[in-house]
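**Student:** I have a structure here, written as structure tokens, and I will follow up with some questions on it.
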Amino acid sequence: MSDLDQLAESARNRGLKLIRSRVRTPAKRRFGKVGLADAKGKPVFGMDAKGPTAKPEQVEDYLRNLDAKDWGASLDVAAPQRKRTGRKPPPTPANDAAVRRKAPKPKPAPKPQVREARPADAPRLAQLIRYLGHEIDEKSVRKNLAALKKTGETPLVATLGKDVVGLCGLKKQVVISRPAPLGRLTTVVVAQEAQGRGIGRMLVEAAEERLRRAGCKMVEVTSNDRRTEAHAFYGHLGYERTSMRFAKALK
């Protein structure tokens, strides 16, 4: 499920509908914009007379705030204020420690982190790469990691706690047609269960910074024609379609 599909499902769970912009040109002002409407189509957030105006992350924040308001309102209904009678509450028994003890606070959810890939990540990385449709085994991933480490191009991974949930490969290329090295993002993927948390953006921005320090003046990435959600993702990050890619398998 893509980030926008998850956002649409989140809106439906609240009785709302996610409206997506019909603009398909990245350079246009409304490209990639979204908004919210109610069940009757009445604008609720991020909409004007011409259509959606909000970024996906703004709609996500709105839905989160909506949840917080609903939760607070439910507390008001479930626990109405009692009238004061002037009587003092009965004292708590001194030996009833269990009643007085506060419930432990829930542990906060782990925040996404970015680091270099390690050989021990190979099984999980093979799974993520196969998600993109590329058949590869754990042994090949380990071999490729060792080769990339020697060239200083170790891929980056995103983690949630101890779990690897994203991958971004990067490469610096010197080509005859450019005055400065060209940076490439070779593989970008985020696990389905971790999408919608800004992890893809974190990986791409971390890779861009490394390529920038390596002297690259431009970064390019290729994406399969059928992965339209990925195309929109790169458009949000400022990437523009500049060419068509052709490939041929060598025998």
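**Student:** Could you please find all residues in the stretch 43-57 being among the hydrophobic types (A, V, I, L, M, F, W, C) and buried (at least 17 other Cβ atoms within 10 Å of the Cβ)?
**Tutor:** So in the stretch 43-57, the residues among the hydrophobic types (A, V, I, L, M, F, W, C) come out as 44-45, 47, 49, 54.
Correct list: VAL44, PHE45, MET47, ALA54.
**Student:** Given LEU156, LEU132, which one is modelled with pLDDT of 95 or more and surrounded by 13 or more Cβ atoms within 10 Å (Cβ to Cβ)? Walk me through it before giving the result.
**Tutor:** Working: LEU132 fails: modelled with pLDDT of 95 or more.
Of the residues listed, the single one that is modelled with pLDDT of 95 or more and surrounded by 13 or more Cβ atoms within 10 Å (Cβ to Cβ) is LEU156.
**Student:** Another question, then. Considering only the stretch 174-204, state which residues are surrounded by fewer than 20 Cβ atoms within 10 Å (Cβ to Cβ), aliphatic (A, V, I, L, M) and in contact with a strand residue (DSSP E or B) (Cβ under 7 Å, 6 or more places away or on another chain).
**Tutor:** Across the stretch 174-204, the qualifying residues are VAL175, LEU182, ALA191, ALA194, MET202.
**Student:** In the stretch 7-59, how many are under 20 Å from GLY198 (Cβ atoms), part of a helix (DSSP H, G or I) and not small (Gly, Ala, Ser)?
**Tutor:** Number of matching residues: 6.
**Student:** Of all residues being hydrophobic (A, V, I, L, M, F, W, C) and farther than 17 Å from ARG115 by Cα in the stretch 205-221, which is surrounded by the fewest Cβ atoms within 10 Å (Cβ to Cβ)? Just the residue, please. Spell out the reasoning first.
**Tutor:** Going residue by residue through the stretch 205-221, those that are hydrophobic (A, V, I, L, M, F, W, C) are 206-207, 211, 214, 216, 218-219, 221.
This time we only want the ones that are farther than 17 Å from ARG115 by Cα, so: 214, 216, 218-219, 221.
Details: ALA214: 14, CYS216: 22, MET218: 12, VAL219: 18, VAL221: 19.
Among those residues, the one meeting the criterion is MET218.
**Student:** For the stretch 222-234: of the residues being surrounded by 16 or more Cβ atoms within 10 Å (Cβ to Cβ) and under 14 Å from the mean Cα position of the chain (by Cα), which is farthest from THR159 (Cα to Cα)?
**Tutor:** Pass one, the stretch 222-234, residues surrounded by 16 or more Cβ atoms within 10 Å (Cβ to Cβ): 223, 230-234.
This time we only want the ones that are under 14 Å from the mean Cα position of the chain (by Cα), so: 230, 232-234.
Working: ALA230: 20, ALA232: 23, PHE233: 20, TYR234: 21 Å.
So the residue we want is ALA232.
**Student:** Same structure again: Of all residues in the stretch 1-42, which are of a type in the set (Asp, Glu) and surrounded by 18 or more Cβ atoms within 10 Å (Cβ to Cβ)? Explain how you work it out, then say what you get.
**Tutor:** Looking only at the stretch 1-42, we keep the residues that are of a type in the set (Asp, Glu), and these are 3, 5, 9, 38.
Result: ASP3, single match.
**Student:** Which one of the conditions (1) over 29 Å from PHE31 (Cα atoms); (2) hydroxyl-bearing (Ser, Thr, Tyr); (3) within 20 Å of the chain's Cα centre (by Cα) does TYR239 fail to meet, given that it meets all the rest?
**Tutor:** So the condition that TYR239 fails would be (1).
The values are calculated or read from the model by the stated rules, or taken from the named source; none is laboratory data. Note that this is a predicted model, so its numbers are computed, not measured. Don't worry about glycine lacking a Cβ; one is built from the backbone with ideal geometry, like all the others, and counts go over all protein chains shown.
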